[in-house]
Amino acid sequence: MKAVLLTNHGGPEMLRYGDAPDPTAGPGEVVVDIHAASVNAADYKVRLGSGRSTLRFPYILGRDFSGVVSAVGPGVTDLAVGEAVFGVADQGNEGAYAEKIAVKAAIIARKPDRLGHAEAAAMALTSLTALWALEDTAQLKAGETILIQGGAGGVAGFAIQLAKHLGATVITTASASNHDYVRRLGADRVIDYNAEDFTTAIADCDVVFDTVGGEVQVRSYAVLKPGGRLVWVAAAPEGFQPTRRDVQTLRPGVARDRKHLERMLELLEVGAVWPPEIIRYKLTDAAEAHRVSESRHLRGKLVFEVR
Ligand SMILES: NC(=O)c1ccc[n+]([C@@H]2O[C@H](COP(=O)([O-])OP(=O)(O)OC[C@H]3O[C@@H](n4cnc5c(N)ncnc54)[C@H](OP(=O)(O)O)[C@@H]3O)[C@@H](O)[C@H]2O)c1
């Protein structure tokens, strides 16, 4: 099969389009012929070697995908060859920047016809992350106020829609060119973080969902009311310790499972959420897609159309 191969840690030029062995379906697994795969912020971080990397090169990046089952491993009884499916590679596994992936059947879901492959790939990890963060971890309730940092991004964009659906008042941060976009997603109030300091603009939030990290997370504690919850998926600066003792700091586990993907489909069905803005690339343009992702100012999602 063809795939995007990471040849070493480094810049986007370390991504090469080439040949890789076809995966096979082990016990409990299916092979999916990938139609679309999405780019996540985590991908450029892995490419750069963040964390304690033990990758063996050439390595295939990519977490979420949508496609058609082309092989079924021993013990799989609930999915069949020819079915359209989507999902996220199991924790610690990657490999979606490719024509095929082997994945546990239990953690992927059937893709409804109304959702295109690009849209399904774009929504898989972002929805899983936002659902785990706001429903399972923050347990956001109707009537509460949430600040979602980085509203125009992939995870935050889904989180705005979800928080609104749950009945919360939604405040978000975005640069001016993205204000219309985040308002369309449902934000009640938008702060232009380049022009206004969110720590003085707002106060008494029940929840902050931080998808930006760094100093943004450090400063986010200032807007929480006593008893508030800060839920993060992008890290604070190394060594940072929160000083407030009257709020909770929570990190969602973001386990991969079918239940959360089906929850996303349920929300889609009732019109509570819809696909993000998508910029499409070919796998041969992976380096360019990574440059855009790494700039951290894209709107919505970047998706590879694989076949
Ligand atoms: N399992 C997990 O824990 C998990 C899963 C998924 C993602 N993540 C992490 O979550 C983070 C977000 O991922 P993503 O893929 O959603 O990111 P993304 O789409 O790459 O986010 C980019 C967005 O961030 C906004 N932004 C950048 N700097 C900002 C600032 N100072 N204030 C407000 N907004 C800012 C940009 O909007 P403007 O152009 O308007 O600035 C842009 O729309 C990443 O760190 C990722 O690694 C973790």
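Each value in this text was obtained by applying a stated rule to the coordinates, not by laboratory testing. Quick caveat, the model's predicted, so the values are computed rather than measured. As a convention, Cβ positions derive from the backbone with ideal geometry for all residues, glycine included, and neighbour counts pool all protein chains shown.
Data overview
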read-out: Region 154-208 - charge dipole about Cα centre, Lys and Arg +1 at Cβ, Asp and Glu -1, debye rounded to 20; value: 280 debye
read-out: Angle in degrees between helix 154-165 and the longest Cα principal axis of the chain, rounded to the nearest 10; value: 60 degrees
read-out: Length released on extending from residue 240 to residue 288, taking residue separation times 0.36 nm less the Cα-Cα span; value: 14.0 nm
read-out: Shape parameters for region 154-273, alpha-carbon atoms, Rg then Dmax in Å; value: 14.9, 43
read-out: Relative contact order (percent, whole number), region 23-155, Cα cutoff 8 Å, 6+ residue spacing; value: 30 percent
read-out: Sites residue 203 and residue 13, calculated FRET efficiency, Cβ-Cβ separation with R0 35 Å, nearest 0.05; value: 0.15
read-out: Net charge dipole size for region 123-258 [Lys, Arg +1 and Asp, Glu -1 on Cβ; Debye, nearest 20]; value: 300 debye
read-out: Normalised contact order of the chain, rounded percent, pairs of Cα under 8 Å and 6 or more residues apart; value: 20 percent
read-out: Computed over region 1-65: relative contact order in percent, which uses C-alpha pairs under 8 Å that are six or more apart; value: 42 percent
read-out: Ratio of Rg to Rh over region 109-153 (Cα coordinates, Kirkwood Rh, two decimals); value: 1.06
read-out: Which of 177, 241, 227, positive extreme of dipole for region 147-254 (C-beta unit charges); value: 227
read-out: Folded to 0 to 90 degrees: helix 117-131 orientation relative to the chain principal axis, Cα; value: 40 degrees
read-out: Dipole moment magnitude, nearest 20 debye, the chain about Cα centre, only Lys, Arg, Asp, Glu C-beta charged; value: 260 debye
read-out: Angle in degrees between helix 258-269 and the longest Cα principal axis of the chain, rounded to the nearest 10; value: 70 degrees
read-out: Segment residue 189-residue 136, extension gain: residue separation times 0.36 nm, minus the distance between their alpha carbons; value: 16.6 nm
read-out: Packing-based order for 298-306, 11-19, using average beta carbon neighbours within 10 Å, highest first; value: 298-306, 11-19
read-out: Rounded Å value of the spacing that divides the Cα centres of region 10-65 and region 239-266; value: 24 Å
read-out: Projected area averaged over orientations for region 73-166, convex hull of C-alpha atoms, nm²; value: 7.8 nm²
read-out: Distance (nanometres) between label positions extended 7 Å along Cα→Cβ at residue 70 and residue 215; value: 4.8 nm
read-out: Length added when fully stretched, residue 53-residue 93, from 0.36 nm per residue minus Cα-Cα; value: 13.1 nm
read-out: Computed Rg/Rh of region 11-50, alpha carbon atoms with Kirkwood Rh; value: 1.04
